[in-house]
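Reading through the structure tokens given below for one structure.
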Amino acid sequence: MVRRGKFIAFEGLDGSGKSTHIKALCMKLRHKGLDVIQTSEPSKGRIGKFIREYVERREIRLPPEIEALLFAADRLDHVKRIIEPALEMGKIVVSDRYTYSSLAYQGAEGLNIEWIDELNKFAIKPDLNILLDVPSETALERMKGRRKTIFEVDTIQQKVRNIYLQIARKGELVKIDANRPFQEVHTNVFLLVNNLLNKISSE
């Protein structure tokens with residue numbers, strides 16, 4: 001019988017270094033001979049594609065309730081199409097964003113976080129949730145020169161970060177100070193993941 005895989009999700013502001021650190025982590029895990037699936041939200045499915053286009057067009061924003069419903073629908077598709085099958089096959093799944101992104105970004109628009117949480121009750125709980133934390137000013141500075149999405153606005157970013165930090169204080173996210181040199185952050189990330197994998201080996 002194949003041992004169920006492990007699910008790791010990364011959260012943080014755009015510009016926090018998620019993509020860079022996820023890529024480095026996955027390369028290192030594969031080098032160790034592990035079978036890793038690297039994925040992200042919005043997903044590459046039909047609903048995710050619609051969301052990506054909406055986010056990048058920078059048109060007038062939809063009501064946060066509709067955004068939350070769209071992200072929840074995409075997440076359900078993501079879980080059923082990618083995450084759950086990979087875990088059943090014993091793979092390690094690493095996702096750039098997951099449930100807490102909805103709580104942070106739609107919550108920053110004033111939506112009731114408990115309602116968002118209820119919408120996502122179906123979502124598989126990651127074995128490890130990592131928050132790469134940087135000040136909102138740093139994140140926006142790093143994003144200079146890139147085409148911004150509808151979410152990359154100064155006033156929103158600080159609110160998003162505050163919600164992430166509130167969640168981390170509850171112990172639901174493991175916060176890493178990502179406002180440091182790459183190698184320091186990468187070492188912290190790998191230590192957390194390696195501890196998770198070592199725990200599996202000893203079970």
Single match in 108, 123, 104 (criterion: among the small types (Gly, Ala, Ser) and over 14 Å from residue 167 (Cβ atoms)): 123
Sort out which residues of the stretch 103-119 are aliphatic (A, V, I, L, M) and either assigned to a loop (DSSP other than H, G, I, E, B) or within 13 Å of the chain's Cα centre (by Cα) (or both), and write them in order of number. 103, 104, 108, 111
Here is a check on your reading of the model: is residue 68 among the small types (Gly, Ala, Ser) and in contact with a strand residue (DSSP E or B) (Cβ under 7 Å, 6 or more places away or on another chain)? no
Please give the number of the condition residue 50 fails out of (1) surrounded by fewer than 18 Cβ atoms within 10 Å (Cβ to Cβ); (2) among the hydrophobic types (A, V, I, L, M, F, W, C); (3) touching a residue at least 60 places away in the same chain (Cβ under 8 Å). (3)
Filter the stretch 120-165 for residues that are within 24 Å of residue 66 (Cα to Cα), at pLDDT 80 or above and not in a loop (DSSP other than H, G, I, E, B) and give the result. 156, 157, 158, 159, 160, 161, 162, 163, 164
Residue within the stretch 4-18 that is among the basic types (Lys, Arg), at pLDDT 95 or above, in contact with a Leu (Cβ under 9 Å, 6 or more places away or on another chain) and not in a helix (DSSP H, G or I) present: yes
Which residue pairs have Cβ atoms closer than 9 Å, lie 6 or more positions apart in sequence or on different chains, and pair a first residue in the stretch 172-190 that is within 20 Å of residue 30 (Cα to Cα) with a second residue that is of a type in the set (S, T, N, Q) and part of a loop (DSSP other than H, G, I, E, B)? 185/179
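The values are calculated or read from the model by the stated rules, or taken from the named source; none is laboratory data. Computed from a predicted model, the values in this text were never measured in an experiment. Cβ atoms come from the backbone with ideal geometry, glycine included; neighbour counts cover every protein chain shown.
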